[in-house]
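**Student:** Dumping the structure here so I can ask a few things about it.
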C-alpha cells in the first residue's frame, strides 16, 4: 500500500491562518501513535481563500479551512479510511452534488493546466531533495555540456515571453546580454511583486523556489553572467526565508558557487530587498534601488543589457520567466509550444480575485478565454450577482466588459482591448461595483506610487484624479469626461516609464466601456429631492431636535416639533445627524463617500 | 566630515553592530532597513553617520529614505496612537481622548513613551465622522470613544492583553 | 554618419548624438526644460522635448534618445504638439504667478511657453510651499519649481556639495534640503550655481535693488559703487553684446547716470588683497607653518571649508576678499576726511558676479563697530535690471572712467578668472622676495578653462609648487592631501564656481562653458592693455601703505584687512 502523506500548505495565506500550528499538531499526533503517515509542509497551493489547506495523499483528499482542533479527526479518518465530511470543499453550484472530496474534482483545479505550478503545493519548498526527485536540476545538468548559444536558441525557438507584463521575447533579451562585451555581467530576478491583490510570484517563490534558481543558473551560463540577484519585496517575509534556504541548499549541493557540478562555470545569487516602492518593478528603477539609490526609472536607451547594474550589462526577468526555463530545456520547444497560442506560447499564471466564488492563483494555457477563467475556474460570480467586468493587469491594466469575455488571455488580444496582461492580476467586478470607484481606486494607487520624475505621471495623474473627484461630487460635465480621455491618452503617450504609460488604463477603459456610469454622476448631480450636499432632512422629521443638538458645526436649525433644515454651507458631512436621528428621517446623498468626509 | 552632537552619538552607539555592516554604497538600503526594524524610525544621527562612512551626501540618503515607504524619520512607538482631530471628532471630544492618553501614558502629541512602546500623534479626518471621536492604534480603529473607554483600552495594552 | 528623416526631409548626421542635437544641427529647435547639455544633465523629466519616431510605441524624449540609421523623426505633428502643450500646462499647474515674477526675460519656462503658444492657464495650482528666505544670498520658492532637477545635478555633479536633493515621491516630490532645513541651516555654501541654472525663478538671488534705490534717493547718503572684474566682461551680454565684450567704460557711465556718487574698481581692493595675502604667504614660507596657504577671496569656498573641512581653517589666508577690503578702506581712509561726505553716511555697493558675496558682507568679522565693510551687493544681473529701470540705453552710452582714487592694476583684473589670484599673487610675491623683475608676466600654465591647474616657481631659494582649482568637487582630493600631511603644494587657489568668478552664480543667464571662455579672454585682454599690471606697483597701493597702513600685516592692516573663520556645524538640532 502506498504510504499516506499529509500535505499542509505553508504559503503566506495559509500561514496567516495558523497552518504552522496545524502542521505541528499533525506531526505530534502521528509521532505519538507512531503511525505510518508522513506529514509534509508544502508551498502555496493557490486556493488561498480556502486556507489553511490540508491534502491527504495518495487519494488527494482536499480539506479546506482547517483548524488545529480538526487535526485529530483528520488522523482518525485516515485510520478509518474515511473522510472528514465537514472539512470538504463545497462547490458553489446551484444544483447537483456539490461536495468535493479530492483536489482533482474541484472546478478551481480541474480546469487549470498546472505547468509552472506543477510542484507548488506538492513539494516541500525547504527540501532540495524533493525538488531533485521531481525532475529538479535535470535541465542544468543537461545545459552544462551544451554550447551556450544553443541554449539561447532553444529559448528563442520556444517563443517564451517575459512574464513580468511587457511580454518581451526572453531569448532575445538573453542574446543581448550574451553579445554585450564586458568583463562583468549580471542577471536579476524581478520579484518585486507589488500589484494590489496579486501574488503569483509569491506563490512560486514559496512553492517552488529551486525552479527559479535553476532558471537563473541556466540564464547565467547561457549569457556569461557570474553574479545574480533576486530583488524581492521586504514585505514577503516567508518568500525571503524560503529563498534564503533554497540558495544555501544549492550552494551545499554545488548548484551554485565555484565550478558548478565540476564544470568551469561559476555563479552565485544574492537576495536584495525592496523597501516599499511599486515603481521598483520597472527594471531601470529596480537597478537604481539595488545600487542604493532612489528607485527612479531611467530613460532607455541605454537598455540594461547595454548599461545596467553598476553600469554593467544586465538581464532582468520576472520570477515566472526564470521558473519556466528548466522545464523548456528538459521537455523541449515542441512541448512548450503545445500550450498557448502561436504568438504567446505557454501558460499564464494568474491571480484571480474579486467577486468570483473561487479566488486564488491559477494557471491556464495562454489564449484561454476570460469566460472560462471567470465561470469555470472562478465558479461564477459570488452571490449570483451579474458579471460586469474584469480588470486585468492591476493598476496598469484596464477593465474589460462582458463583450470581451470571449477574449483569449494573451499579450496581443488583451492589449488590443485596451488593457494589458501585466503580471497577471485578474480582478472580477460585479454589478454592485462602481466602475468610477474602481478607476478612482487604482488611480490613487498609481499616484502614490509614481516616482515623481516625469511631468505627465506626476502632475497629470493628479489632475485626472481631481477630474474624477469633480465628477463624483456631481459637479462634473460631459466635458470633464472628455478631458479625462485627453489627459489619459497623452499621459500614456508621453510618460517616461511603464508605470506612467499604463497608469491611465483603468480610467480610460472604464470610460471606453462604461461611459454611462460616469454620465450618471453628471446627470444625477442633483438628488431626487432637490439639490443638497451631504444630508437632507425629509418630511419624516418629527422635530425632536436631537440632530440639531448633535451637529458639531451648528448647521441644523428648526424649532421643536417642526421639520428641521440642514444648512449646506455649514455642513461638513460628518453624518452625526444621520446616526442620531431616531426616525431615520435623514437621507444621505448617494454620491457621497461611505461615511461622509470632513474635508478640513 | 561633519561634527556630531552628543545626541547623535547616543543614537548611533546602540546601533553599532548594524552600522558596522555598511561597507559600500549598495549597503545603504539594507542597513537603513535594519535600523528601521530595530528603532521603528531612522534617527538623524544614523543618516549623518552613514553619509560619512559610505561617502554618500546627506541629501541623497535623505532622498532615499523619503522615497521608500519602508522608512520614516520620526520617532514612533511600537504602538502608534493616532487621534482624529477632524472637526466632528474635535467637537465630539477628542481632547478627552488626548487627556486620557496623557493620564495613562504621560505623553502628549508628538511624544513617545520612555520605553518606546507608545507614541501619540494627531491625524486629520479619518472619514469616520459618524463614529467619532475616533482613534487608531496601529491598524485598528477605535470608535465612539470617551475618557473612560480610552483609559480602558490603553490599560489593556499596558497589561499585555492586546500585545501581539 | 547616419541617414535620418526629420519631418519628411532627409538629413545626414553624426552617429551617437541625440535626436535633440541632430535636430539642432539640421535647423530644428526642439524646446526642452529639464535637460542641460552644459553639464550632461538629461533626466527626461519634463517631457517637453518629446518627438514621434516611426515604429516607437510612445513618444520619445529627444534629449536622451540617440539617432539611428534610417530613423524617421516627426517633431511637429499634432500628436507631438498636443503632448508638449499638455505637459507644459501640467508644469504650469505647479508654477504660480508669472506676472509678478522677477525672472523677466531670463525665464526659460516662459520662453518655452511662448514657443508653444500657451495663452492661458488650464489648471489651477494646488500645491503651496513656504518661500525659504533664510539666506542672504538667494531665495528658494518651490511654488515656481518645475522639478527639472538641474539644481540637484549642478550641486552634486559640478560643485560636489550635494546640499540639495529630492524629498518624497509622486505628486509630493519636491526639491529639499535634508530634513527640511532652511538654506542657512543646511549644507549649502551659497555659490549660486543652482540659481544660475534654474529655468524658472524657483531659485533667485536675494534682490537688494529696492534697498539700493532707497539709498540712492537719500541725500544723507554718499553712495559708492565698486565693480568686480568679472562683471565688466559679462554685463554686455544682457544688452546684446557678444560674450566676453569688455564694457568697463559703459558700465561706469551707467553707474554714474544711475546716481552713484562715486564709481571705483574692486581691482584696487584686489591689489591690497595681493599685498596682504602675498606677504602672509612669504611669512608662512619663512616659518614653514600652515602650508599650503589657501586663498580666501571666494566666499563660497570659505563657506565650504567652514562647513565641511573645519580642520582646514588654519590654512586659509586671513586676508579679506577684495571688495570687503576696498569697502573698509573707502570708509576708514579714502573718504574719511573728504569734504564731499561731510555729514553724510558712506554707503558701499558692490557689483559682483556672485550671490555668496551677499551673505559674505553680513559675516561677523566683516564689520567694525557696527559698520559694515560693504552695505549692499548687487549681482551682474541685478545691475542689468537697475540699468533698465533707470531708462538707460546701454549700447549707446559713452565710455567713462573709474574715479581716480579707485583704480586697480591688471593683476586685479584677472582675479575674475580661475588662476588669476594665484597669478597676481605670484607676480608680486616673486618680485618682492627676489627683488628681480619677472621677464614674463603671463603664467600660462594656470590659465584656461581646466578645473585643476598647477605650476611651480622659485621663491626664496626653494621650489614652490602651486595649484589652482575651481569647484569644491575638484578641491576635495587636494584638501584630503593637506589634512593627511602629504600635500606637495605650498600655495593653493580655490574658487567655488567653475572657472572662477566669470562663471559665478550672479552672472548673466545663460552662463555656459563657451561663454565663460570668452569672458576669460576679455579679462586677460583687460590686464594686458593696462600700464600697471602688478599690485605692488599700483601707485594708490603704495600711497596708502605709506600714509596709512604702514606695511602689509601691520597692526592696522591686520585690524582692517584681515578676518577670522569659524567651524560651522551642519544639520544641528532645530
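The values are calculated or read from the model by the stated rules, or taken from the named source; none is laboratory data. Quick caveat, the model's predicted, so the values are computed rather than measured. Don't worry about glycine lacking a Cβ; one is built from the backbone with ideal geometry, like all the others, and counts go over all protein chains shown.
**Student:** Sort out for me the helices (runs of 4 or more DSSP H) sitting completely within the stretch C:315-431 that have 3 or more residues that are touching a residue at least 60 places away in the same chain (Cβ under 8 Å) and surrounded by fewer than 24 Cβ atoms within 10 Å (Cβ to Cβ).
**Tutor:** Those helices (runs of 4 or more DSSP H) span C:380-389.
**Student:** Moving to a separate point now. Could you list, in sequence order, all residues of the stretch B:31-53 that are farther than 26 Å from residue B:115 by Cβ, surrounded by fewer than 20 Cβ atoms within 10 Å (Cβ to Cβ) and within 14 Å of chain C (Cβ to nearest Cβ)?
**Tutor:** Scanning the stretch B:31-53 gives a single hit, B:52.
Matching residues to (1) over 24 Å from residue A:493 (Cα atoms); (2) more than 18 Å from the chain's Cα centre (by Cα):
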| residue | (1), (2) |
| --- | --- |
| A:374 | yes, no |
| A:384 | yes, yes |
| A:389 | yes, no |
| A:421 | no, no |
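**Student:** May I ask you to verify whether residue A:600 is modelled with pLDDT under 90, in contact with a helix residue (DSSP H, G or I) (Cβ under 8 Å, 6 or more places away or on another chain) and more than 19 Å from residue A:433 (Cα to Cα)?
**Tutor:** Yes: the conditions hold for residue A:600.
**Student:** Could you tell me whether the stretch A:439-454 includes any residue that is within 26 Å of the chain's Cα centre (by Cα), surrounded by fewer than 22 Cβ atoms within 10 Å (Cβ to Cβ) and away from chain C (no Cβ under 14 Å)?
**Tutor:** Yes, some residue in the stretch A:439-454 is within 26 Å of the chain's Cα centre (by Cα), surrounded by fewer than 22 Cβ atoms within 10 Å (Cβ to Cβ) and away from chain C (no Cβ under 14 Å).
**Student:** Okay, moving on. Any idea which of (1) under 18 Å from residue A:164 (Cα atoms); (2) modelled with pLDDT of 95 or more is the one residue A:249 doesn't satisfy?
**Tutor:** (1)
**Student:** While we're looking at this one, here's another question. If we scan the stretch B:35-54, do we find a residue that is out of contact with any helix residue (DSSP H, G or I) (no Cβ under 8 Å at 6 or more places or on another chain) and part of a loop (DSSP other than H, G, I, E, B)?
**Tutor:** Within the stretch B:35-54, one or more residues are out of contact with any helix residue (DSSP H, G or I) (no Cβ under 8 Å at 6 or more places or on another chain) and part of a loop (DSSP other than H, G, I, E, B).
**Student:** Which residue is surrounded by the fewest Cβ atoms within 10 Å (Cβ to Cβ), if the candidates are limited to the stretch C:248-269 and must be within 21 Å of the chain's Cα centre (by Cα) and under 19 Å from residue C:411 (Cα atoms)?
**Tutor:** Checking each candidate, the answer is C:248.
**Student:** Also: So which of A:384, A:433 is under 15 Å from residue A:506 (Cβ atoms) and modelled with pLDDT under 90?
**Tutor:** Just a single option satisfies the conditions, and that option is A:433.
**Student:** Does residue A:536 satisfy being more than 14 Å from chain B (Cβ to nearest Cβ), touching a strand residue (DSSP E or B) at 6+ places or on another chain (Cβ under 9 Å) and either closer than 27 Å to residue B:132 by Cα or assigned to a helix (DSSP H, G or I) (or both)?
**Tutor:** Yes: the conditions hold for residue A:536.
**Student:** Scan the stretch C:449-504 for residues that are more than 15 Å from residue C:426 (Cα to Cα) and free of Cβ contacts under 8 Å to residues at least 12 places away in the same chain and jot them down.
**Tutor:** Within the stretch C:449-504, C:450, C:477, C:480, C:481, C:484, C:485, C:486 qualify.
**Student:** (1) touching a residue at least 24 places away in the same chain (Cβ under 8 Å); (2) within 29 Å of the chain's Cα centre (by Cα); (3) closer than 21 Å to residue C:202 by Cβ; (4) assigned to a helix (DSSP H, G or I): which one isn't true of residue C:96, the others all being true?
**Tutor:** Evaluating residue C:96 over (1) touching a residue at least 24 places away in the same chain (Cβ under 8 Å); (2) within 29 Å of the chain's Cα centre (by Cα); (3) closer than 21 Å to residue C:202 by Cβ; (4) assigned to a helix (DSSP H, G or I) leaves (4) as the failure.
**Student:** With the structure loaded, tell me whether residue B:114 is closer than 26 Å to residue A:574 by Cα and more than 14 Å from every other protein chain (Cβ to nearest Cβ) or whether it fails that test.
**Tutor:** no
**Student:** Could you grab me the full set of residues in the stretch A:245-279 that are within 30 Å of residue A:396 (Cβ to Cβ) and outside any strand (DSSP E or B)?
**Tutor:** Of everything in the stretch A:245-279, those that are within 30 Å of residue A:396 (Cβ to Cβ) and outside any strand (DSSP E or B) turn out to be A:246, A:275, A:276, A:277, A:278, A:279.
**Student:** Let me ask another. If we scan the stretch C:549-561, do we find a residue that is in contact with a strand residue (DSSP E or B) (Cβ under 6 Å, 6 or more places away or on another chain) and in a helix (DSSP H, G or I)?
**Tutor:** no
**Student:** Which one of these does residue A:298 not meet: (1) under 23 Å from residue A:501 (Cα atoms); (2) modelled with pLDDT of 95 or more?
**Tutor:** Here residue A:298 clears every test but (2).
**Student:** Can you name the residue in the stretch A:272-304 that is away from chain B (no Cβ under 14 Å) and crowded, with 24+ Cβ neighbours inside 10 Å and, of all such residues, is nearest to the chain's Cα centre (by Cα)?
**Tutor:** Restricting to residues being away from chain B (no Cβ under 14 Å) and crowded, with 24+ Cβ neighbours inside 10 Å, the top hit is A:283.
**Student:** Counting just the residues of the stretch A:554-565 that are within 14 Å of chain B (Cβ to nearest Cβ) and buried (at least 16 other Cβ atoms within 10 Å of the Cβ), which one comes out farthest from residue A:538 (Cα to Cα)?
**Tutor:** In this case the residue turns out to be A:555.
**Student:** Residues in the stretch A:340-399 that are on the phi > 0 side of the Ramachandran plot, without any contact (Cβ under 8 Å) to a residue 60 or more places away in the chain and assigned to a strand (DSSP E or B): how many?
**Tutor:** 0
**Student:** Right, another one. Restricting to the stretch C:161-179, what's the tally of residues that are crowded, with 19+ Cβ neighbours inside 10 Å and assigned to a loop (DSSP other than H, G, I, E, B)?
**Tutor:** Number satisfying all stated conditions: 7.
**Student:** Output the residue which, of all residues in the stretch A:310-320 that are part of a helix (DSSP H, G or I) and either at pLDDT below 95 or surrounded by fewer than 24 Cβ atoms within 10 Å (Cβ to Cβ) (or both), is farthest from the other protein chains (Cβ to nearest Cβ).
**Tutor:** Top of the filtered list is A:311.
**Student:** Continuing with this model, one more query. Considering only the stretch C:127-152, state which residues are part of a helix (DSSP H, G or I) and farther than 20 Å from residue C:506 by Cβ.
**Tutor:** Answer for the stretch C:127-152, where residues must be part of a helix (DSSP H, G or I) and farther than 20 Å from residue C:506 by Cβ: C:142, C:143, C:152.
**Student:** Somewhere in the stretch C:195-202, is a residue more than 14 Å from chain A (Cβ to nearest Cβ) and more than 14 Å from the chain's Cα centre (by Cα)?
**Tutor:** Among the residues of the stretch C:195-202, at least one is more than 14 Å from chain A (Cβ to nearest Cβ) and more than 14 Å from the chain's Cα centre (by Cα), which makes the answer yes.
**Student:** Oh, and also: Determine whether residue C:567 is in a loop (DSSP other than H, G, I, E, B), within 14 Å of chain B (Cβ to nearest Cβ) and either buried (at least 21 other Cβ atoms within 10 Å of the Cβ) or on the phi < 0 side of the Ramachandran plot (or both).
**Tutor:** yes
**Student:** Which number in (1) closer than 28 Å to residue A:488 by Cα; (2) surrounded by fewer than 21 Cβ atoms within 10 Å (Cβ to Cβ) marks the one condition that residue C:70 misses?
**Tutor:** Here residue C:70 meets the rest and fails (1).
**Student:** A further question on this structure: Just checking, how many residues over the stretch A:165-223 are touching a residue at least 24 places away in the same chain (Cβ under 8 Å) and assigned to a helix (DSSP H, G or I)?
**Tutor:** So the answer is 29.
**Student:** Would you confirm whether any residue within the stretch C:131-140 is within 23 Å of residue A:463 (Cβ to Cβ) and either touching a strand residue (DSSP E or B) at 6+ places or on another chain (Cβ under 8 Å) or surrounded by fewer than 18 Cβ atoms within 10 Å (Cβ to Cβ) (or both)?
**Tutor:** no
**Student:** Only one of these is out of contact with any helix residue (DSSP H, G or I) (no Cβ under 9 Å at 6 or more places or on another chain), over 28 Å from residue A:297 (Cβ atoms) and more than 14 Å from chain C (Cβ to nearest Cβ): A:436, A:374, A:428. Name it.
**Tutor:** A:374
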